[in-house]
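Taking it in order: structure first as structure tokens, then the write-up.
The values are calculated or read from the model by the stated rules, or taken from the named source; none is laboratory data. These numbers were taken from a predicted model, which means no experiment stands behind them. Positions of Cβ are generated from backbone atoms using ideal geometry, with glycine treated the same way; all protein chains shown enter the neighbour counts. Surface accessibility is based on the protein's heavy atoms, side chains included, excluding ligands, DNA and RNA. Shrake-Rupley method; radii C 1.70, N 1.55, O 1.52, S 1.80 Å.
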Amino acid sequence: MSLSAAAPSRAAEAVAAVPSAPTLGRAARVSSVAASLLTIGAIGVAVGSVAAAPSAGPAVADAVGAALGSALALVQGANVSARRGRRRFVLVGLVLLGAATLAHAAAIPFLAGLLLGIGAVIAVMAATGWIADAGLPTFAAAASALAILAAASVVAVPVLVATVVLLAAAAVAAISIDTVSGPRTPVFLLPALPRLSEHPVAALVLAALVASFAWRSGGVFALVVVLAVLAASAGIGRAAGRRSLASAPLTSSGRAYHAASAVFDATVALRPAAATTVRSVEEVREAIDTARARGLGVAMHSTGHAAAGLADLSGSALLKVAIDEPITVDAIRRTVRIPAGRAWGEVVPLVAAHGLTVPHGSSALVGVVGYLSRGGLSAYGRHTGVAANAIESIEIVTADGEHRRVDRENDPQLFWALRGGGGGFGVITAVTVRAFAPGEIVTGTTVWELSDAEAVAHEWAHWSAEAPSAITTSLRVLSIPPLPGMPFPLSRRPVLVVDGTAVNGDVTARDAAGTLLARLRSAAAPRLDTWRVADPAEVAHTHMDAPFAPAHSSAHALVGAAESTDAGQAHGVVADFLRATADSAVLISELRQLGGALGERPEGAGVVGHYRGAFGWLNLALHGKPGREVAEAAIDAQWEQIRRWETGYTAPTLAAERHRPARSFPEADIAAVDAVRVRVDAEGLFRVDVAPGAHSGLV
């Protein structure tokens with residue numbers, strides 16, 4: 001079946017089958033506020049019921065339990081911002097409050113207080129987020145919430161039936177309301193300390209709950225302890241962050257050293273000879289001079305996503321680059337200047353406010369500079385091409401301490417080499433990137449049981465050979481951990497996942513996504529289907545990348561001839577891919593769709609100007625109890641099944657392991673990049689910062 005065989009109407013129906021992300025109109029805003037206030041009222045009734053203890057003994061036990069529960073909830077984290085997380089935590093909080101009233105009725109005061117404290121904190125933090133979504137002014141939101149809370153607390157009586165009824169009503173509102181902003185695709189939700197200074201309504205409601213509880217129960221101890229915890233959580237986290245990233249000289253130990261050498265990828269623990277965080281160009285110069293004076297080499301990182309690719313740093317200084325400057329968007333020229341150290345999650349919302357987006361990757365947590373300097377494989381890649389080609393200019397401090405701005409006119413050879421050349425040129429302090437107008441965006445994730453994998457993958461392979469460049473997708477066999485945010489019925493076993501993003505390009509986003517979805521859904525009924533019309537901020541959640549990276553091994557290669565539009569090749573690659581994953585303990589096995597603009601080298605491109613393959617193969621296995629050797633063996637076994645399709649090249653943004661050297665461009669380009677390195681760093685100060693396989697002297 002050719003691409004044109006699916007009628008446009010069928011494609012449109014396929015996209016329409018999943019609702020678009022909600023738009024907060026007036027009715028939706030009213031519903032959000034009403035649901036929030038009803039939840040707060042239910043919390044007040046539950047707190048008032050438990051607090052009305054018949055004697056001083058149970059009152060003190062309730063107060064101690066509530067203080068401990070509140071402290072536990074705040075320390076473990078209740079800062080829930082994701083759409084699904086808010087609804088889930090409101091429900092969890094209400095259930096715990098209901099359990100607290102039952103425990104109180106059963107004369108188990110300490111347990112009642114403990115459940116009350118935990119439930120109240122997480123429900124308030126989640127429910128007040130709806131008020132923020134609705135755009136209600138802070139004063140009006142706080143006044144309404146406090147009025148509802150006061151009324152509920154005053155009229156509350158220790159009548160179990162009345163309390164449970166109101167809790168149930170709030171729970172119904174929580175699961176019915178569909179106007180909470182955020183991604184529809186499941187998002188891993190890990191505990192995070194609540195930043196109460198950024199959520200004044202939540203802070204006021206929690207303080208009022210504490211005061212009400214203390215007044216009704218005589219729990220002065222609870223008042224003191226919980227207020228102290230609230231105050232601490234509002235300021236300690238931010239203060240600690242400032243201290244850990246504060247400017248400090250190169251040091252070999254202490255808090256500043258550990259903060260500078262901490263990485264996202266827990267596979268490795270960096271132990272540089274010295275480390276520091278640099279927050280300005282002048283601090284970069286000082287760190288380079290100090291390292292040279294001590295006879296140390298210099299390497300740098302920002303988030304540490306590619307830490308496994310760093311060389312032995314025992315004789316080097318590591319700079320954590322976190323330039324303290326704002327992100328600036330020029331909507332007229334459609335450019336964005338991004339200081340080093342920023343992640344894509346900070347950039348995308350700022351650009352989206354102007355109706356634009358940028359060629360970011362699959363995770364909002366990835367650092368901008370590291371991603372772009374390694375080429376970059378965007379969620380929009382088949383439409384935009386290699387992400388590094390979107391760079392307009394790069395600001396860099398070279399070994400001589402000069403702060404340069406390089407582009408197509410100013411040192412074009414260095415500009416060429418910086419875009420994918422493997423590092424070792426200097427310390428990048430900022431990049432300016434072209435943004436683009438995506439038009440309508442359709443994005444989503446679909447999950448099938450592995451028993452349906454052959455039928456679904458067959459359709460995906462056939463479609464991919466003639467797919468329009470407006471859409472970029474991936475096919476994965478994924479073992480989803482049973483962690484918060486992931487649907488429990490889909491965890492604990494391998495499943496087949498197809499996810500992607502379409503924009504208006506050679507065809508409309510609806511037609512591009514709809515044609516694919518119609519074919520996949522006809523092959524087998526999915527267990528999860530989140531494709532919808534969405535805004536740019538949701539695209540970074542589509543791939544379901546986790547906000548953590550436990551110890552793991554990985555391997556990557558480009559497979560299949562890039563220029564081929566033969567469905568036979570696609571079927572062969574996919575068939576071998578599925579055979580390789582049949583009995584594997586690998587956590588993630590992925591084929592990322594390339595081609596389109598990713599296979600075309602535009603004029604003025606960087607050294608990694610296009611990708612030489614039809615698919616990007618990527619495997620990741622957790623070390624776990626069996627250890628690294630078992631993980632490596634599992635990955636190697638899968639590679640043997642698919643290696644007949646190897647091209648000999650990789651996409652550097654996916655090649656993370658240093659012991660697996662990766663060739664991303666031909667030998668002639670390697671020699672040319674080496675020549676640029678020698679010119680800008682003749683003494684080899686940054687030699688340890690060269691990626692494996694990107695230097696003619698590396699094996």
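Would you check if there is a residue in segment 293-304 being open to solvent by 10 Å² or more (accessible area, probe 1.4 Å), within 15 Å of residue 424 (Cα to Cα) and in contact with a Leu (Cβ under 6 Å, 6 or more places away or on another chain)? Checked segment 293-304: at least one residue is open to solvent by 10 Å² or more (accessible area, probe 1.4 Å), within 15 Å of residue 424 (Cα to Cα) and in contact with a Leu (Cβ under 6 Å, 6 or more places away or on another chain).
Kindly evaluate residue 616 against the criterion of being open to solvent by less than 30 Å² (accessible area, probe 1.4 Å), at pLDDT 95 or above and in a loop (DSSP other than H, G, I, E, B). Judged against the criteria, residue 616 is not a match. Looking only at segment 326-337, residues that are surrounded by fewer than 17 Cβ atoms within 10 Å (Cβ to Cβ), among the charged types (D, E, K, R) and either assigned to a loop (DSSP other than H, G, I, E, B) or under 21 Å from the mean Cα position of the chain (by Cα) (or both) come to 1 in all. Which ones in segment 547-579 are polar (S, T, N, Q) and closer than 11 Å to residue 591 by Cα? Matches in segment 547-579: none. Of the strands (runs of 3 or more DSSP E) that lie entirely inside segment 467-543, those containing 2 or more residues that are in contact with a strand residue (DSSP E or B) (Cβ under 8 Å, 6 or more places away or on another chain), open to solvent by less than 10 Å² (accessible area, probe 1.4 Å) and at pLDDT 95 or above span 471-479, 494-502. Cβ-Cβ contacts under 7 Å between residues 6 or more apart (or on different chains), taken from a first residue in segment 338-349 that is under 16 Å from residue 320 (Cβ atoms) and in a loop (DSSP other than H, G, I, E, B) to a second residue that is open to solvent by less than 20 Å² (accessible area, probe 1.4 Å) and of a type in the set (S, T, N, Q), are listed as 340/429.
Between 322, 308, 275, the distinction of being surrounded by 24 or more Cβ atoms within 10 Å (Cβ to Cβ) and in contact with a Ser or Thr (Cβ under 9 Å, 6 or more places away or on another chain) belongs to 275 only. Annotation: residue 417 fulfils all but one of (1) farther than 28 Å from residue 549 by Cα; (2) touching a strand residue (DSSP E or B) at 6+ places or on another chain (Cβ under 8 Å); (3) modelled with pLDDT of 95 or more; the unmet one is (2). Does residue 359 fit the bill of being under 18 Å from residue 651 (Cβ atoms) and either in contact with a Gly (Cβ under 7 Å, 6 or more places away or on another chain) or open to solvent by 50 Å² or more (accessible area, probe 1.4 Å) (or both)? Criteria met by residue 359. Among the residues of segment 389-415, those that are within 29 Å of residue 354 (Cα to Cα) and either surrounded by 24 or more Cβ atoms within 10 Å (Cβ to Cβ) or of a type in the set (A, V, I, L, M, F, W, C) (or both) comprise 389, 390, 391, 394, 396, 406, 415. Consider segment 244-268 and keep the residues that are of a type in the set (Gly, Ala, Ser), closer than 11 Å to residue 320 by Cβ and at pLDDT 85 or above. The one that is surrounded by the fewest Cβ atoms within 10 Å (Cβ to Cβ) is 262. Confirm whether residue 355 is on the phi > 0 side of the Ramachandran plot and under 23 Å from the mean Cα position of the chain (by Cα). Criteria met by residue 355.
Among the acidic types (Asp, Glu), out of contact with any Leu (no Cβ under 8 Å at 6 or more places or on another chain), open to solvent by 10 Å² or more (accessible area, probe 1.4 Å) and closer than 23 Å to residue 450 by Cα: is that true of residue 566 in this structure? In short, no.
Selection of segment 367-411 for residues being in a loop (DSSP other than H, G, I, E, B), touching a helix residue (DSSP H, G or I) at 6+ places or on another chain (Cβ under 7 Å) and either closer than 15 Å to residue 323 by Cβ or polar (S, T, N, Q) (or both) yields 378, 398. For the criterion of being open to solvent by 20 Å² or more (accessible area, probe 1.4 Å), among the hydrophobic types (A, V, I, L, M, F, W, C) and not in a helix (DSSP H, G or I), residue 546 passes. When we screen 461, 430 for residues that are in contact with a Pro (Cβ under 7 Å, 6 or more places away or on another chain), open to solvent by less than 10 Å² (accessible area, probe 1.4 Å) and either at negative phi or not in a loop (DSSP other than H, G, I, E, B) (or both), the only hit is 430. Among residues of segment 568-594 being at pLDDT below 95 and in a loop (DSSP other than H, G, I, E, B), the one that is nearest to residue 459 (Cα to Cα) is 582. For segment 312-336, a residue qualifies if it is over 23 Å from residue 286 (Cβ atoms) and either of a type outside the set (Asp, Glu) or touching a residue at least 24 places away in the same chain (Cβ under 8 Å) (or both), and the qualifying residues are 312, 327, 328, 329, 331, 332, 333, 334, 335, 336. Filtering 323, 288 for residues that are part of a loop (DSSP other than H, G, I, E, B), β-branched (Val, Ile, Thr) and modelled with pLDDT of 90 or more leaves a single hit, 323. Do we find that residue 592 is buried (at least 24 other Cβ atoms within 10 Å of the Cβ), of a type outside the set (Phe, Trp, Tyr) and under 30 Å from residue 418 (Cα atoms) in this structure? Judged against the criteria, residue 592 is a match. Every condition in (1) part of a loop (DSSP other than H, G, I, E, B); (2) within 23 Å of residue 596 (Cα to Cα) is met by residue 557 except one, and the failing one is (1).
Going by the conditions given, is residue 592 in contact with a Gly (Cβ under 9 Å, 6 or more places away or on another chain) and either of a type in the set (S, T, N, Q) or farther than 25 Å from residue 449 by Cα (or both)? Answer is no for this residue. The set of residues in segment 447-488 being under 18 Å from residue 580 (Cα atoms) and charged (D, E, K, R) consists of 449, 452, 454, 476. Count of segment 64-87 residues, restricted to those that are in a helix (DSSP H, G or I) and at pLDDT below 75, is 7.
Per-residue answers, yes or no, for (1) modelled with pLDDT under 95; (2) closer than 21 Å to residue 685 by Cα; (3) touching a strand residue (DSSP E or B) at 6+ places or on another chain (Cβ under 9 Å):
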residue: 351; (1), (2), (3): no, no, yes
residue: 360; (1), (2), (3): no, no, no
residue: 372; (1), (2), (3): no, no, yes
residue: 392; (1), (2), (3): no, no, yes
residue: 403; (1), (2), (3): no, yes, yes
residue: 407; (1), (2), (3): no, no, yes
residue: 411; (1), (2), (3): no, yes, yes
residue: 434; (1), (2), (3): no, no, yes
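Number of residues in segment 63-77 that are farther than 13 Å from residue 209 by Cβ and either open to solvent by less than 10 Å² (accessible area, probe 1.4 Å) or of a type outside the set (Gly, Ala, Ser) (or both): the value is 6.
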